[in-house]
Structures are given as C-alpha cells and as structure tokens.
C-alpha cells in the first residue's frame, strides 16, 4: 500500500507541470514572433547602415579622385593613374566591409555622367563608354570583373543645373561608384 501512495503523490505534484493554460502557449508563440521580427528589423537596420557608410565613402572618394576625360571622348586626360589606384583601394576597403557584414550578391556600379551639351543619345552612349573605361581600369588593378559593372546615365542626374558655363559643365562630367545589393 505504501508504494501506491508514493506513486499517487508524485503524480499529483507533477500534474501542474503538464497542465498549461491555453494562453501560456499563445503567449510563448507571440513572444517568439515578436523576438524574431525584432531581430530581422535590427539586422536590416544594421545592413542599411553598413551599405550607407560604404556608399558615402565611395562617393566622397570618387569626388576626390575624379579622372578627367578628353572633350567628347572616353579617353583619359593626363594624371589619372594615381587617382585610379586610390579608387581601387577604396573598392577593396568597401569589399572588406561588405564581407564582414555578411553580405553576398552585391556589385559595384560605376555610373558615367555627362554635361548637357550634345544630344541625349550621344550623351548616354558617351557616359556608358566612360563608365566602361573606369571599370576596365579598376579590373586591371585587381577588382574582379564579376563584382563591378558600368552604367551610362547621360545628363540625367546633373550635379549643377543649369550647366551653362565650362566650370559647371566640368562638374557634371563625372563618374560615381555605389554598391548595389
């Protein structure tokens, strides 16, 4: 008889551990869902911050190290070698930041821009050729071809409007590099 009493006692004391309120399980599911959503949002914000940091630095470096092109040409004016070297080193830095952040599937986009002189079609083609020359030079300096692409913007996104003086036109003839995910 003593054995039966011990078993019943253990069973009675163990019962509350198995009996959960239906609300307890809903509460656990809701907490889990909220935690997962918060984690996703935090990761997205961290990723956005990394990409913004990289793009801001690449734009600044591009402004400091702009290579000039001969008029109406995709041929460099003199003095670009050192600038392209610095630009390539910035892409290496950016790549390290992206890899450390766990990014994959990204590409550097070199966009070429022109001033507003000339036809839209001509400017589009010229800007594409200039961007392609920058890509070619960066690839020659060690940036993998698969990680970089050229895009011609023509005079669509001018920095200075109107570009009615040679100095203003020169500011609009440029290239920019950004990361695209």
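Which residue pairs have Cβ atoms under 6 Å apart, sit 6 or more places apart or on different chains, and have a first residue in the range 59-77 that is closer than 13 Å to residue 87 by Cβ and a second that is in a loop (DSSP other than H, G, I, E, B)? Within 6 Å, the pairs are 67/80; 76/67.
Scoring residue 115 on the criteria (1) within 20 Å of residue 63 (Cα to Cα); (2) without any contact (Cβ under 8 Å) to a residue 60 or more places away in the chain; (3) crowded, with 19+ Cβ neighbours inside 10 Å; (4) touching a strand residue (DSSP E or B) at 6+ places or on another chain (Cβ under 9 Å) leaves a single failure, condition (4).
Of the conditions (1) crowded, with 16+ Cβ neighbours inside 10 Å; (2) free of Cβ contacts under 8 Å to residues at least 60 places away in the same chain, residue 142 fails just one. Which one is it? Failing condition for residue 142: (1).
Residues checked against (1) in contact with a strand residue (DSSP E or B) (Cβ under 6 Å, 6 or more places away or on another chain); (2) modelled with pLDDT of 95 or more; (3) more than 25 Å from residue 79 (Cα to Cα); (4) surrounded by 16 or more Cβ atoms within 10 Å (Cβ to Cβ):
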position	(1), (2), (3), (4)
107	yes, yes, yes, no
128	yes, yes, no, yes
134	yes, yes, no, yes
153	yes, yes, no, yes
161	no, no, yes, no
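Within the range 91-105, restricting attention to residues that are assigned to a helix (DSSP H, G or I) and without any contact (Cβ under 8 Å) to a residue 60 or more places away in the chain, the residue that is surrounded by the most Cβ atoms within 10 Å (Cβ to Cβ) is 95. Screening residue 58 with (1) surrounded by 12 or more Cβ atoms within 10 Å (Cβ to Cβ); (2) part of a loop (DSSP other than H, G, I, E, B) gives one miss only, at (2).
The values are calculated or read from the model by the stated rules, or taken from the named source; none is laboratory data. What you see is a predicted model, and the numbers here were worked out from it, not measured in a lab. Because the Cβ atoms are built from the backbone with ideal geometry, glycine has one as well, and the counts that use them run over all protein chains shown.
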